[in-house]
Amino acid sequence: MDEAPVRMKRLAAEESGAQVDEDRFVLLVKRLEDERARFAMLADNATDVVYQDDPAGNIVWISAGVRETLGWEPDSLVGTPGLDLLYHEDRMPTEVRLRTVLADGVVDVTHLRCRTSSGGFRWMSARIAPLPDRDVVATGRVVGLRDVHEEHAMREQLSHLAFHDTLTGLRNRAWILDMLETDLAVARRDHCLVALLFIDLDNLKVVNDSLGHLVGDEVLTAAAHRIAKVLRPGDRVGRFGGDEFIVVAPGIRHRNDADAIAERLCAAVLDEVQIGDRSVIVSASIGIALSDEDSIPMYLLRDADTAMFRAKSTGGSHWEFSTAGMRNQARTRLEIEAELRTAITERQFRVHYQPIVSMSDATVTGHEALVRWEHPQRGLLAPIEFLQVAEDTELIIGIEELVLDVVCTQLRNHPDLPGPISVNKSPRHIARTGWHHRFLDQLDHHGVDPARVIIEVTETAILSVLERTRADFVDLRERGVGIHVDDFGTGYSTVALLRDLPVTGLKLDLSFTRNIATDTTARALAAGLAGLANGLGLDGVAEGIETPAQAEILREQGWSHGQGYLYGRPTSLLTTTVSQN
C-alpha cells in the first residue's frame, strides 16, 4: 500500500485541527474581553467603588463610582497604592488584611475609612477577595467599597445614647455600673479600694415646683458640670436618674481620700447658680460606700444609696459613710418590702377601731380605723414597724385600699353605728391621679353613704400636694365625705390650708395633749387652735387624751371631741359606749 496518500491525509487532518483550536482560542479571548467590558460597564454605573490591585498593592483598575463617592478621578488613582485611599489610622490593619487575602486566598469583609478628595473621610464597607490566575495562585485582589457613612453615624449616635444622659451629657447609669465591674477587679488586683459616692440634690423639687422644670433642668445641668469639674483624673461621674448622680472613685487608699472628694462635691454643688435674673442655690446629700474584696456593683450601690438617705434625713448638705448597721437596716427594709407585697396579696392586714367621743358626756360619736399587720411569724404588728417602708415603696396605696374595703363592709353591716368612721390617707396616695374616683367607687360598690366616712390627712401631707389635690377634695366634700386635718398645728401654713380646702374638722396633735397639764406654752397653743376651729365652725378633735386632767383642760378650751386611751384603746370591735378610766 502506498503510504504517501495516508501521510497527506494525516497532515491535512492535523492542520484542520490546529485551525479549530486557533478559532476556539480567538472565540474564548473575545468572550473574555466581552465579559471584562460588561463588568467594567456594570462597575462604572454602580454606586459602589470597585478596584483591582496587583500583588504589590497598586491599583490596576478602579470604577467610576470613586468619583461620586469620594471625589477622586479614576485615572488619577491607577498605578497608586490602594492603601493611599485609606484614612491614615486605618492603613496598618487594612494592610495586614490585604496580605492575608493574598497569602491564604480568603475573602475578608471589614469597615474602614476612605479619604475624600476634599480632605475628609467616609466610612466604607470593604469586601476584599483574591484574584487567582490559571494556576489558582492569587495575583492580586478585587476590593469592593460600599458607602456606609450614614449608617455608621446612626450606629454611633445610638451607641452614644445607650450610654449617655441626654440632658447633662454625662455617662448614664448603665455605663457607670458596667465600668464599676472593671474598677472592682482592678482594686482587688492592686489591693486598693473603690469609693462609690451616691449624690442627691436636696431641694431640686422645690425649684421645679416654684420655678418650673425648665429652670430645674438648667440647675441640674449646672450641678452635673460642677461635679465633673472637681473630680480627680480617673474618677467617673454619671447621672443615675432624676436629681441623682453616681461618682466612682477608683484607687482609694484611705477613707480620708473619699472624705476629700465628698467635701469638694458638696462645696461645688452649693455654689449659687445664676439662671437669667434669678439666683438659685441647691445642696447635695452624699452617701459613700467603700469596696472590699467581696464587693459587687449592686451591693455597693445599695450601701451608698442607704448612706445617702441617712445624710438626707439628718438635714442634707453633707455626707455619710455606709456602715454595717445601715446595711443591716437596708436588708431589713428589703425583707419587709417583700413581705408587705405578699401581705397585700393575702390580705394579712387587720383593722382596729378607736372610738372618738363627745367631750361633754363621753358618748361615742365616731371611730378612727387603724391598720395592723397580722404577720405570719411575728404576730400582730403596729404601724410603726412597717408603715414607713410602705410609704417609701408606695405599697401604702394597696394597704389603704384594703382598709377602706374593710371599713365599708363594717358600715354596711352596722347601719346604726353612731357617727362616721375616719380613714387615713397618705401623701403618696392622694398624689395619684384619680385616687378620689377610686375612693368613691369603693363606697358605691358597698352601698355606703359618703357622709358616713371621714378622710384624715396630715397637715404636712396635704401641703406637699395641695396644688394637685385641691379639686379632688372639693369634689369629695361636695359628695358628702368629711375631711379632717390630722396632726393639726405641726405644719407651717395652717391658716392658708383652712382657706384653700373644704376642711370639716381639725385634730389636735397629741404632742400638745401630752404636755397640756404642765406646759403653759402647749396649753396656750391648744386653746388658740380650739378657738380657731370653733370660729370656723369645724369639728375639733383632741388626740392622745390619757388622763381626766387632760380631758378637763381640753373641754374647758372648747374642744368638742376627744380620742385617746382614756376612752378606749384600738380594738378589732366597734364600740357604741365607753367608760372613762
Next item on the list: Only residues that are of a type in the set (S, T, N, Q) and either modelled with pLDDT of 95 or more or in a strand (DSSP E or B) (or both): list them for the range 346-362, please.
Entry: GLN348, GLN354, SER358
Notebook entry, point to check: Across the range 346-370, what is the number of residues that are open to solvent by 10 Å² or more (accessible area, probe 1.4 Å), closer than 26 Å to ALA551 by Cα and either in contact with a Cys (Cβ under 9 Å, 6 or more places away or on another chain) or among the β-branched types (Val, Ile, Thr) (or both)?
Noted result: 4
Notebook entry, point to check: So, of the residues in the range 179-191 that are farther than 11 Å from ARG236 by Cβ and part of a helix (DSSP H, G or I), which turns out to be most open to solvent (accessible area, probe 1.4 Å)?
Noted result: ARG189
Margin query: Can you list the helices (runs of 4 or more DSSP H) lying wholly within the range 412-511 that have 2 or more residues being among the β-branched types (Val, Ile, Thr)?
Written below: 459-464, 466-479, 494-500
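Can you find even one residue in the range 95-113 that is under 42 Å from the mean Cα position of the chain (by Cα) and at pLDDT 85 or above?
Residues of the range 95-113 that are under 42 Å from the mean Cα position of the chain (by Cα), as a first pass: 109-113.
Then keep just the ones that are at pLDDT 85 or above; that gives 112-113.
Yes - at least one qualifying residue is present in the range 95-113.
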Next item on the list: Any residue in the range 280-295 that's closer than 15 Å to HIS318 by Cβ: show its pairings with residues that are of a type in the set (Lys, Arg) at Cβ separation under 9 Å, as long as the two are six or more apart or on different chains.
Entry: SER285/ARG310; SER285/LYS312; GLY287/ARG310; GLY287/LYS312; ILE288/ARG255
Next item on the list: With the checklist (1) in contact (Cβ under 8 Å) with a residue 40 or more places away in the chain; (2) under 22 Å from LEU193 (Cβ atoms); (3) touching a strand residue (DSSP E or B) at 6+ places or on another chain (Cβ under 8 Å) in hand, flag the one item SER322 doesn't pass.
Entry: (1)
Next item on the list: Output yes when any residue across the range 311-322 is surrounded by fewer than 16 Cβ atoms within 10 Å (Cβ to Cβ) and not in a loop (DSSP other than H, G, I, E, B), and no when none is.
Entry: yes
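Does any residue of the range 544-552 turn out to be β-branched (Val, Ile, Thr) and part of a helix (DSSP H, G or I)?
Kept after step one, since they are β-branched (Val, Ile, Thr), are these residues of the range 544-552: 545, 547.
Within this subset, residues satisfying the condition of being part of a helix (DSSP H, G or I) are none.
Scanning the range 544-552, I find no residue that is β-branched (Val, Ile, Thr) and part of a helix (DSSP H, G or I), so the answer is no.
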Notebook entry, point to check: When you go through (1) open to solvent by less than 70 Å² (accessible area, probe 1.4 Å); (2) modelled with pLDDT under 80; (3) within 28 Å of the chain's Cα centre (by Cα); (4) not basic (Lys, Arg) one by one for LEU131, which number turns out not to apply?
Noted result: (3)
Item checked: strands (runs of 3 or more DSSP E) enclosed by the range 204-290 - at least 3 residues per element that are open to solvent by less than 60 Å² (accessible area, probe 1.4 Å) and under 18 Å from LEU177 (Cα atoms) -> 236-241, 244-252, 284-290
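The values are calculated or read from the model by the stated rules, or taken from the named source; none is laboratory data. The structure presented is a predicted model; accordingly, all values stated were derived computationally and were not measured. Reconstructed Cβ throughout: ideal geometry from the backbone, glycine too, with neighbour counts over all protein chains shown. Just so you know, the surface numbers come from the protein's heavy atoms only, side chains and all, with ligands and any DNA or RNA stripped out. Shrake-Rupley method; radii C 1.70, N 1.55, O 1.52, S 1.80 Å.
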